[in-house]
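The values are calculated or read from the model by the stated rules, or taken from the named source; none is laboratory data. Bear in mind that the values here come from a model prediction, so they are computed numbers and not experimental data. With ideal geometry, Cβ positions are generated from the backbone for all residues, glycine too; neighbour counts draw on all protein chains shown. In case anyone asks, the SASA skips ligands and DNA or RNA and just uses the protein heavy atoms, side chains included. Shrake-Rupley method; radii C 1.70, N 1.55, O 1.52, S 1.80 Å.
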Amino acid sequence: MSQPHVVIVGGGFGGLTAARCLRRAPVRVTLVDRENHHLFQPLLYQVATAMLSPADIASPIRHVLRRQRNARVILAEVTGVDPSRRVVALDEGELEYDFLVLATGATHSYFGHADWPTHAPGLKTIDDALEIRRRFMLAFERAERQEDGAARRAMLTFVVVGAGPTGVELAGAMIEIARRVIPRDFRVIDTSSARVILFEAQDRVLPAFPAAISVRALRDLKRMGVEVRLGETVTRIDDRGVSIGPERIGAGNVIWAAGVQASPTGASLGVPMDDNGRVRVEPDLSIPGYGEVFVIGDLAHVLDERSGGTVPGMAPGAIQMGRHVARTIASRAKDRTDTRAFRFVDKGMLATIGRGRAVAAISGRCIGGWPAWVLWAFVHVLFLIGFRNRLAVMAQWAWAYVTYQRGARLITGGPKGREGT
Ligand SMILES: Cc1cc2nc3c(=O)[nH]c(=O)nc-3n(C[C@H](O)[C@H](O)[C@H](O)COP(=O)(O)OP(=O)(O)OC[C@H]3O[C@@H](n4cnc5c(N)ncnc54)[C@H](O)[C@@H]3O)c2cc1C
(Lines give C-alpha, C1' and ligand atoms only; values in the text may rest on other atoms or scores of the structure.)
Protein backbone atom coordinates (compact mmCIF):
# COMPACT_ATOMS: atom_id res chain seq x y z
CA MET A 1 0.00 0.00 0.00
CA SER A 2 1.37 3.44 -0.91
CA GLN A 3 2.07 5.95 1.80
CA PRO A 4 -0.55 8.63 2.59
CA HIS A 5 -0.24 11.75 0.47
CA VAL A 6 0.02 15.01 2.44
CA VAL A 7 -0.61 18.16 0.44
CA ILE A 8 0.58 21.38 2.07
CA VAL A 9 -0.56 24.62 0.49
CA GLY A 10 1.70 27.55 1.35
CA GLY A 11 5.45 27.57 1.95
CA GLY A 12 5.39 30.32 4.59
CA PHE A 13 6.22 29.88 8.26
CA GLY A 14 3.38 27.42 8.93
CA GLY A 15 3.47 25.30 5.77
CA LEU A 16 7.24 25.03 5.52
CA THR A 17 7.54 24.05 9.19
CA ALA A 18 4.90 21.34 8.70
CA ALA A 19 6.72 19.99 5.64
CA ARG A 20 10.09 19.86 7.39
CA CYS A 21 8.64 18.23 10.50
CA LEU A 22 7.23 15.44 8.32
CA ARG A 23 10.68 14.46 7.00
CA ARG A 24 10.79 11.17 8.92
CA ALA A 25 7.07 10.38 8.75
CA PRO A 26 5.80 7.52 6.55
CA VAL A 27 4.09 9.93 4.15
CA ARG A 28 4.58 11.56 0.75
CA VAL A 29 4.58 15.35 1.01
CA THR A 30 3.67 17.78 -1.77
CA LEU A 31 4.16 21.44 -0.96
CA VAL A 32 2.37 23.85 -3.29
CA ASP A 33 3.10 27.57 -3.39
CA ARG A 34 2.41 30.23 -5.99
CA GLU A 35 5.83 31.74 -5.29
CA ASN A 36 9.05 29.79 -5.66
CA HIS A 37 10.43 31.16 -2.40
CA HIS A 38 9.83 31.20 1.33
CA LEU A 39 9.76 34.81 2.51
CA PHE A 40 10.87 36.06 5.90
CA GLN A 41 8.18 38.73 6.21
CA PRO A 42 9.43 40.28 9.47
CA LEU A 43 12.39 41.79 7.57
CA LEU A 44 10.39 42.85 4.53
CA TYR A 45 10.32 46.47 5.72
CA GLN A 46 14.13 46.47 5.44
CA VAL A 47 13.84 45.67 1.72
CA ALA A 48 11.24 48.45 1.39
CA THR A 49 13.66 50.89 3.06
CA ALA A 50 16.78 49.87 1.14
CA MET A 51 18.66 48.12 3.96
CA LEU A 52 18.48 44.60 2.52
CA SER A 53 18.05 43.05 -0.91
CA PRO A 54 15.20 40.61 -1.64
CA ALA A 55 17.50 37.57 -1.84
CA ASP A 56 18.73 38.26 1.73
CA ILE A 57 15.33 37.45 3.19
CA ALA A 58 13.96 34.82 0.81
CA SER A 59 15.00 31.26 0.01
CA PRO A 60 13.83 29.05 -2.86
CA ILE A 61 11.46 26.47 -1.32
CA ARG A 62 12.86 23.78 -3.61
CA HIS A 63 16.33 24.45 -2.22
CA VAL A 64 15.13 24.44 1.41
CA LEU A 65 13.58 20.98 0.91
CA ARG A 66 16.27 19.58 -1.39
CA ARG A 67 17.48 16.96 1.09
CA GLN A 68 14.01 15.86 2.15
CA ARG A 69 13.42 12.77 0.03
CA ASN A 70 9.71 12.37 0.87
CA ALA A 71 8.91 15.92 -0.24
CA ARG A 72 8.30 17.48 -3.65
CA VAL A 73 7.52 21.07 -4.50
CA ILE A 74 5.00 22.40 -7.00
CA LEU A 75 4.86 26.02 -8.16
CA ALA A 76 1.14 26.66 -8.66
CA GLU A 77 -1.74 28.81 -7.51
CA VAL A 78 -4.38 26.99 -5.50
CA THR A 79 -7.82 28.17 -6.54
CA GLY A 80 -9.98 26.09 -4.20
CA VAL A 81 -10.46 22.94 -2.17
CA ASP A 82 -13.19 20.32 -2.42
CA PRO A 83 -13.06 18.50 0.92
CA SER A 84 -15.82 16.06 -0.05
CA ARG A 85 -13.69 14.75 -2.99
CA ARG A 86 -10.38 15.30 -1.16
CA VAL A 87 -9.08 17.39 -4.02
CA VAL A 88 -7.18 20.67 -4.28
CA ALA A 89 -7.85 22.72 -7.45
CA LEU A 90 -4.77 24.31 -9.01
CA ASP A 91 -4.56 26.99 -11.71
CA GLU A 92 -3.91 24.01 -13.98
CA GLY A 93 -5.21 20.62 -12.87
CA GLU A 94 -6.00 19.07 -9.50
CA LEU A 95 -4.19 17.31 -6.68
CA GLU A 96 -5.66 14.49 -4.59
CA TYR A 97 -4.75 14.22 -0.93
CA ASP A 98 -5.15 12.00 2.10
CA PHE A 99 -4.23 14.85 4.44
CA LEU A 100 -4.37 18.54 3.62
CA VAL A 101 -2.65 21.42 5.41
CA LEU A 102 -3.89 24.81 4.27
CA ALA A 103 -1.42 27.58 5.19
CA THR A 104 -1.95 30.38 2.69
CA GLY A 105 -1.60 33.20 5.22
CA ALA A 106 -3.17 36.64 5.03
CA THR A 107 -3.39 39.59 2.70
CA HIS A 108 -4.12 43.35 3.03
CA SER A 109 -7.51 44.69 3.91
CA TYR A 110 -8.43 48.19 2.75
CA PHE A 111 -11.79 48.04 4.51
CA GLY A 112 -13.71 48.04 1.23
CA HIS A 113 -11.91 51.00 -0.42
CA ALA A 114 -11.18 49.52 -3.85
CA ASP A 115 -9.10 52.48 -5.09
CA TRP A 116 -6.79 52.79 -2.07
CA PRO A 117 -4.32 49.98 -2.96
CA THR A 118 -3.18 51.97 -6.04
CA HIS A 119 -2.37 55.06 -3.97
CA ALA A 120 -1.19 53.35 -0.78
CA PRO A 121 0.68 50.08 -1.33
CA GLY A 122 0.78 47.61 1.53
CA LEU A 123 3.70 45.39 2.50
CA LYS A 124 3.29 41.65 2.12
CA THR A 125 5.43 40.40 -0.75
CA ILE A 126 8.83 41.16 -2.28
CA ASP A 127 7.07 42.98 -5.11
CA ASP A 128 5.28 45.18 -2.55
CA ALA A 129 8.57 45.98 -0.83
CA LEU A 130 10.28 46.89 -4.10
CA GLU A 131 7.36 49.09 -5.09
CA ILE A 132 7.49 50.97 -1.77
CA ARG A 133 11.27 51.33 -2.08
CA ARG A 134 10.89 52.65 -5.64
CA ARG A 135 8.25 55.21 -4.68
CA PHE A 136 10.17 56.29 -1.57
CA MET A 137 13.51 56.81 -3.31
CA LEU A 138 11.87 58.39 -6.35
CA ALA A 139 10.15 61.00 -4.17
CA PHE A 140 13.55 62.55 -3.29
CA GLU A 141 14.66 62.49 -6.93
CA ARG A 142 11.52 64.27 -8.06
CA ALA A 143 11.68 66.79 -5.23
CA GLU A 144 15.27 67.64 -6.26
CA ARG A 145 13.91 68.75 -9.66
CA GLN A 146 10.78 70.48 -8.36
CA GLU A 147 10.89 74.27 -8.15
CA ASP A 148 7.49 74.90 -6.61
CA GLY A 149 7.89 74.95 -2.82
CA ALA A 150 4.44 73.58 -1.95
CA ALA A 151 4.72 70.73 -4.44
CA ARG A 152 8.19 69.92 -3.14
CA ARG A 153 6.95 69.83 0.45
CA ALA A 154 4.18 67.40 -0.55
CA MET A 155 6.70 65.20 -2.34
CA LEU A 156 8.77 65.06 0.82
CA THR A 157 5.81 64.16 3.02
CA PHE A 158 5.37 60.46 3.70
CA VAL A 159 2.26 59.12 5.38
CA VAL A 160 2.14 55.68 7.00
CA VAL A 161 -1.35 54.47 7.91
CA GLY A 162 -1.41 52.04 10.84
CA ALA A 163 1.00 51.95 13.81
CA GLY A 164 1.31 48.21 14.33
CA PRO A 165 4.84 46.75 14.13
CA THR A 166 5.06 47.18 10.34
CA GLY A 167 3.93 50.82 10.40
CA VAL A 168 6.25 51.68 13.28
CA GLU A 169 9.21 49.95 11.64
CA LEU A 170 8.59 51.64 8.28
CA ALA A 171 8.11 55.10 9.78
CA GLY A 172 11.27 54.79 11.91
CA ALA A 173 13.37 53.60 8.98
CA MET A 174 12.07 56.31 6.64
CA ILE A 175 12.84 59.19 8.97
CA GLU A 176 16.30 57.75 9.60
CA ILE A 177 17.05 57.61 5.88
CA ALA A 178 15.82 61.14 5.29
CA ARG A 179 17.69 62.63 8.25
CA ARG A 180 20.85 60.57 8.54
CA VAL A 181 21.52 58.53 5.41
CA ILE A 182 20.95 60.67 2.32
CA PRO A 183 21.21 64.39 3.23
CA ARG A 184 24.68 64.74 1.68
CA ASP A 185 23.64 63.06 -1.56
CA PHE A 186 21.35 65.89 -2.70
CA ARG A 187 22.33 69.40 -3.73
CA VAL A 188 19.03 71.28 -3.90
CA ILE A 189 16.72 69.73 -1.32
CA ASP A 190 17.29 69.32 2.37
CA THR A 191 16.16 65.72 2.82
CA SER A 192 16.17 66.11 6.59
CA SER A 193 13.17 68.42 6.24
CA ALA A 194 11.09 65.45 5.03
CA ARG A 195 8.03 64.69 7.16
CA VAL A 196 7.01 61.18 8.14
CA ILE A 197 3.50 61.12 9.59
CA LEU A 198 2.23 57.95 11.26
CA PHE A 199 -1.54 57.61 11.72
CA GLU A 200 -3.16 55.19 14.14
CA ALA A 201 -6.91 54.95 14.70
CA GLN A 202 -6.45 53.58 18.21
CA ASP A 203 -5.12 55.67 21.07
CA ARG A 204 -1.61 54.21 21.14
CA VAL A 205 1.09 52.88 18.82
CA LEU A 206 1.68 49.11 18.81
CA PRO A 207 -1.85 48.49 20.14
CA ALA A 208 -1.28 44.71 20.45
CA PHE A 209 1.68 45.23 22.80
CA PRO A 210 1.49 46.04 26.54
CA ALA A 211 0.75 49.73 27.26
CA ALA A 212 4.24 50.40 28.68
CA ILE A 213 5.77 49.31 25.37
CA SER A 214 3.50 51.68 23.46
CA VAL A 215 4.62 54.58 25.64
CA ARG A 216 8.28 53.78 25.06
CA ALA A 217 7.81 53.32 21.30
CA LEU A 218 5.93 56.61 21.02
CA ARG A 219 8.69 58.44 22.85
CA ASP A 220 11.37 56.92 20.59
CA LEU A 221 9.44 57.69 17.41
CA LYS A 222 8.93 61.30 18.42
CA ARG A 223 12.60 61.71 19.34
CA MET A 224 13.54 60.45 15.92
CA GLY A 225 11.26 63.03 14.31
CA VAL A 226 8.24 60.96 13.29
CA GLU A 227 4.95 62.88 13.66
CA VAL A 228 2.58 60.46 15.37
CA ARG A 229 -1.16 61.09 15.17
CA LEU A 230 -3.16 58.83 17.48
CA GLY A 231 -6.93 58.27 17.58
CA GLU A 232 -7.28 59.63 14.04
CA THR A 233 -8.72 57.78 11.08
CA VAL A 234 -7.68 58.42 7.50
CA THR A 235 -10.92 58.89 5.58
CA ARG A 236 -9.64 59.39 2.04
CA ILE A 237 -6.53 58.43 0.10
CA ASP A 238 -5.88 59.63 -3.43
CA ASP A 239 -2.92 60.36 -5.68
CA ARG A 240 -2.23 63.69 -3.94
CA GLY A 241 -2.38 62.73 -0.28
CA VAL A 242 -4.77 61.85 2.50
CA SER A 243 -7.78 63.36 4.28
CA ILE A 244 -8.60 63.00 7.93
CA GLY A 245 -12.16 64.23 7.97
CA PRO A 246 -12.01 67.89 6.84
CA GLU A 247 -8.21 68.08 7.21
CA ARG A 248 -6.12 67.58 4.08
CA ILE A 249 -2.44 66.56 3.98
CA GLY A 250 -0.60 66.67 0.67
CA ALA A 251 1.70 63.66 0.53
CA GLY A 252 3.78 62.19 -2.26
CA ASN A 253 3.76 58.76 -0.69
CA VAL A 254 1.21 56.93 1.39
CA ILE A 255 1.87 53.45 2.74
CA TRP A 256 -0.82 51.15 4.05
CA ALA A 257 -0.02 49.19 7.20
CA ALA A 258 -3.48 49.20 8.75
CA GLY A 259 -5.46 46.07 8.01
CA VAL A 260 -5.12 42.40 7.19
CA GLN A 261 -7.56 39.74 6.18
CA ALA A 262 -7.12 36.02 5.65
CA SER A 263 -6.25 34.64 2.24
CA PRO A 264 -9.36 33.80 0.17
CA THR A 265 -8.54 30.08 -0.15
CA GLY A 266 -10.19 29.32 3.22
CA ALA A 267 -13.61 30.31 1.87
CA SER A 268 -13.71 27.34 -0.51
CA LEU A 269 -13.76 24.91 2.42
CA GLY A 270 -17.36 25.85 3.15
CA VAL A 271 -16.88 25.88 6.94
CA PRO A 272 -17.49 28.73 9.44
CA MET A 273 -15.13 31.72 9.27
CA ASP A 274 -14.66 34.85 11.38
CA ASP A 275 -15.08 38.47 10.21
CA ASN A 276 -11.49 38.56 8.91
CA GLY A 277 -12.03 35.48 6.73
CA ARG A 278 -10.09 33.18 9.06
CA VAL A 279 -11.28 29.59 9.28
CA ARG A 280 -12.64 28.59 12.70
CA VAL A 281 -10.78 25.37 13.43
CA GLU A 282 -11.30 22.57 15.96
CA PRO A 283 -8.90 22.37 18.94
CA ASP A 284 -6.61 20.00 16.95
CA LEU A 285 -6.57 22.55 14.04
CA SER A 286 -8.69 20.35 11.74
CA ILE A 287 -11.89 21.76 10.24
CA PRO A 288 -15.38 20.74 11.35
CA GLY A 289 -16.52 17.54 9.59
CA TYR A 290 -13.16 16.80 7.93
CA GLY A 291 -10.57 15.49 10.38
CA GLU A 292 -7.96 15.11 7.61
CA VAL A 293 -8.01 18.82 6.64
CA PHE A 294 -5.99 21.23 8.80
CA VAL A 295 -5.83 25.00 8.61
CA ILE A 296 -2.88 26.78 10.25
CA GLY A 297 -1.09 30.10 10.60
CA ASP A 298 -2.65 33.45 9.70
CA LEU A 299 -5.50 31.67 7.92
CA ALA A 300 -6.71 29.98 11.12
CA HIS A 301 -8.91 31.39 13.86
CA VAL A 302 -7.49 29.51 16.85
CA LEU A 303 -8.72 30.09 20.38
CA ASP A 304 -6.01 30.61 22.94
CA GLU A 305 -7.17 29.31 26.31
CA ARG A 306 -4.55 31.25 28.26
CA SER A 307 -5.22 34.72 26.90
CA GLY A 308 -8.92 34.11 26.28
CA GLY A 309 -8.49 35.60 22.78
CA THR A 310 -7.18 34.11 19.56
CA VAL A 311 -3.62 33.13 18.72
CA PRO A 312 -2.03 36.30 17.20
CA GLY A 313 -1.23 36.28 13.48
CA MET A 314 2.51 36.14 13.93
CA ALA A 315 5.34 33.84 12.94
CA PRO A 316 5.65 31.91 16.25
CA GLY A 317 1.97 30.89 16.16
CA ALA A 318 2.26 29.68 12.56
CA ILE A 319 5.46 27.74 13.31
CA GLN A 320 3.97 26.08 16.38
CA MET A 321 0.82 25.14 14.44
CA GLY A 322 2.95 23.69 11.63
CA ARG A 323 4.76 21.49 14.14
CA HIS A 324 1.51 20.44 15.77
CA VAL A 325 -0.23 19.29 12.59
CA ALA A 326 2.92 17.48 11.40
CA ARG A 327 2.95 15.50 14.66
CA THR A 328 -0.75 14.70 14.33
CA ILE A 329 -0.42 13.60 10.69
CA ALA A 330 2.72 11.51 11.36
CA SER A 331 0.93 9.76 14.18
CA ARG A 332 -2.22 9.10 12.16
CA ALA A 333 -0.15 7.82 9.24
CA LYS A 334 1.06 5.14 11.65
CA ASP A 335 -2.59 4.22 12.37
CA ARG A 336 -2.67 5.91 15.73
CA THR A 337 -5.52 8.17 16.66
CA ASP A 338 -4.25 11.57 17.57
CA THR A 339 -6.60 14.44 18.25
CA ARG A 340 -4.42 16.35 20.71
CA ALA A 341 -5.44 19.95 21.10
CA PHE A 342 -3.04 22.68 19.99
CA ARG A 343 -1.61 24.84 22.78
CA PHE A 344 0.03 28.14 21.92
CA VAL A 345 3.20 29.05 23.79
CA ASP A 346 3.51 32.83 23.86
CA LYS A 347 7.21 33.70 23.63
CA GLY A 348 6.70 37.45 23.61
CA MET A 349 6.66 40.26 21.10
CA LEU A 350 9.38 42.37 19.50
CA ALA A 351 9.41 45.42 17.29
CA THR A 352 12.26 47.61 16.14
CA ILE A 353 11.96 51.37 15.82
CA GLY A 354 15.31 52.45 14.46
CA ARG A 355 19.05 52.23 14.79
CA GLY A 356 19.74 50.68 18.19
CA ARG A 357 16.12 51.17 19.28
CA ALA A 358 13.54 48.43 19.76
CA VAL A 359 10.88 47.30 22.20
CA ALA A 360 10.18 43.83 23.57
CA ALA A 361 7.53 42.29 25.81
CA ILE A 362 8.77 38.96 27.14
CA SER A 363 7.24 36.98 30.02
CA GLY A 364 5.48 40.05 31.35
CA ARG A 365 8.67 42.18 31.21
CA CYS A 366 8.98 45.19 28.98
CA ILE A 367 12.40 46.03 27.56
CA GLY A 368 13.39 48.97 25.37
CA GLY A 369 16.40 50.62 23.76
CA TRP A 370 19.67 48.93 22.95
CA PRO A 371 19.12 45.60 24.85
CA ALA A 372 15.79 45.11 23.07
CA TRP A 373 17.41 45.92 19.74
CA VAL A 374 20.17 43.33 20.27
CA LEU A 375 17.50 40.77 21.20
CA TRP A 376 15.45 41.71 18.15
CA ALA A 377 18.47 41.35 15.86
CA PHE A 378 19.48 38.02 17.41
CA VAL A 379 15.99 36.50 17.13
CA HIS A 380 15.53 37.63 13.53
CA VAL A 381 18.87 36.29 12.38
CA LEU A 382 18.19 33.02 14.23
CA PHE A 383 14.90 32.44 12.42
CA LEU A 384 16.14 33.43 8.96
CA ILE A 385 16.39 30.40 6.72
CA GLY A 386 19.79 29.78 5.16
CA PHE A 387 23.36 30.32 6.31
CA ARG A 388 24.07 32.67 3.39
CA ASN A 389 21.11 34.85 4.33
CA ARG A 390 22.16 35.05 7.99
CA LEU A 391 25.67 36.05 7.04
CA ALA A 392 24.50 38.57 4.44
CA VAL A 393 22.02 40.21 6.82
CA MET A 394 24.51 40.45 9.68
CA ALA A 395 27.11 41.97 7.35
CA GLN A 396 24.62 44.57 6.03
CA TRP A 397 23.52 45.51 9.55
CA ALA A 398 27.08 45.85 10.80
CA TRP A 399 28.01 48.02 7.80
CA ALA A 400 24.92 50.18 8.17
CA TYR A 401 25.49 50.56 11.89
CA VAL A 402 29.01 51.83 11.46
CA THR A 403 28.51 53.97 8.34
CA TYR A 404 24.79 54.89 8.39
CA GLN A 405 24.71 53.69 4.79
CA ARG A 406 22.11 51.48 3.13
CA GLY A 407 23.35 49.33 0.30
CA ALA A 408 20.12 48.65 -1.59
CA ARG A 409 19.10 52.18 -2.60
CA LEU A 410 18.17 51.24 -6.12
CA ILE A 411 15.21 52.55 -8.05
CA THR A 412 14.04 49.71 -10.28
CA GLY A 413 10.88 48.69 -12.15
CA GLY A 414 7.72 50.66 -12.96
CA PRO A 415 7.24 54.01 -14.69
CA LYS A 416 9.80 56.54 -13.50
CA GLY A 417 9.04 60.05 -12.40
CA ARG A 418 5.25 59.97 -12.72
CA GLU A 419 3.73 58.47 -9.60
CA GLY A 420 3.59 59.64 -6.07
CA THR A 421 2.24 63.16 -6.45
C1 LIG B 1 5.48 43.19 6.75
C2 LIG B 1 5.24 42.11 7.78
C3 LIG B 1 5.98 42.12 8.95
C4 LIG B 1 5.79 41.13 9.92
N5 LIG B 1 6.57 41.14 11.05
C6 LIG B 1 6.44 40.15 11.94
C7 LIG B 1 7.29 40.10 13.08
O8 LIG B 1 8.12 40.99 13.29
N9 LIG B 1 7.15 39.06 13.94
C10 LIG B 1 6.24 38.07 13.72
O11 LIG B 1 6.17 37.13 14.51
N12 LIG B 1 5.40 38.10 12.67
C13 LIG B 1 5.48 39.11 11.77
N14 LIG B 1 4.66 39.14 10.68
C15 LIG B 1 3.59 38.14 10.57
C16 LIG B 1 4.13 36.81 10.06
O17 LIG B 1 4.95 37.01 8.93
C18 LIG B 1 2.92 35.93 9.72
O19 LIG B 1 2.17 35.75 10.88
C20 LIG B 1 3.38 34.57 9.20
O21 LIG B 1 4.08 34.74 8.00
C22 LIG B 1 2.17 33.67 8.97
O23 LIG B 1 2.62 32.46 8.45
P24 LIG B 1 1.72 31.62 7.47
O25 LIG B 1 2.44 30.36 7.19
O26 LIG B 1 0.33 31.54 7.99
O27 LIG B 1 1.59 32.51 6.15
P28 LIG B 1 2.72 33.13 5.22
O29 LIG B 1 4.04 33.10 5.88
O30 LIG B 1 2.18 34.43 4.77
O31 LIG B 1 2.79 32.12 3.99
C32 LIG B 1 1.72 31.94 3.11
C33 LIG B 1 2.26 31.27 1.87
O34 LIG B 1 1.14 30.84 1.08
C35 LIG B 1 1.39 31.14 -0.27
N36 LIG B 1 0.07 31.30 -0.90
C37 LIG B 1 -0.89 32.19 -0.58
N38 LIG B 1 -1.98 32.01 -1.35
C39 LIG B 1 -1.71 30.95 -2.16
C40 LIG B 1 -2.43 30.27 -3.17
N41 LIG B 1 -3.68 30.62 -3.49
N42 LIG B 1 -1.84 29.25 -3.82
C43 LIG B 1 -0.56 28.87 -3.51
N44 LIG B 1 0.17 29.48 -2.56
C45 LIG B 1 -0.40 30.50 -1.88
C46 LIG B 1 2.19 32.43 -0.23
O47 LIG B 1 2.93 32.61 -1.43
C48 LIG B 1 3.07 32.20 0.99
O49 LIG B 1 4.28 31.59 0.64
C50 LIG B 1 4.82 40.12 9.70
C51 LIG B 1 4.07 40.12 8.52
C52 LIG B 1 4.27 41.10 7.57
C53 LIG B 1 3.47 41.09 6.29
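Structure summary
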item	result
Any hit, segment 213-227, residues being free of Cβ contacts under 8 Å to residues at least 24 places away in the same chain, among the acidic types (Asp, Glu), in a strand (DSSP E or B) and open to solvent by 60 Å² or more (accessible area, probe 1.4 Å)	no
Extreme residue, farthest from Ala392 (Cα to Cα), among residues of segment 23-55 that are away from the ligand (no atom under 14 Å from the Cβ) and open to solvent by less than 10 Å² (accessible area, probe 1.4 Å)	Val27
Exclusive hit being of a type in the set (Gly, Ala, Ser) and surrounded by fewer than 19 Cβ atoms within 10 Å (Cβ to Cβ), set Gly252, Gly309, Gly266	Gly309
Filter result for the condition that a residue is closer than 24 Å to Ala150 by Cα, away from the ligand (no atom under 16 Å from the Cβ) and assigned to a loop (DSSP other than H, G, I, E, B), over Val234, Val271	Val234
Selection from segment 1-22 of residues that are open to solvent by less than 10 Å² (accessible area, probe 1.4 Å) and farther than 12 Å from Ala315 by Cβ	Val6, Val7, Ile8, Val9, Gly10, Gly11, Gly15, Ala18, Ala19, Leu22
Candidate set from segment 279-324 (those that are basic (Lys, Arg) and in contact with an Asp or Glu (Cβ under 8 Å, 6 or more places away or on another chain)); member that is farthest from the ligand (Cβ to nearest atom)	Arg306
Selection from segment 80-115 of residues that are part of a loop (DSSP other than H, G, I, E, B) and within 10 Å of the ligand (Cβ to nearest atom)	Asp91, Ala103, Thr104, Gly105
Every residue from segment 379-400 that is exposed (fewer than 13 other Cβ atoms within 10 Å of the Cβ) and closer than 18 Å to Ala50 by Cα	Ala395, Ala398
Scope segment 56-79; condition within 13 Å of the ligand (Cβ to nearest atom), part of a loop (DSSP other than H, G, I, E, B) and open to solvent by 30 Å² or more (accessible area, probe 1.4 Å); matching residues	Glu77
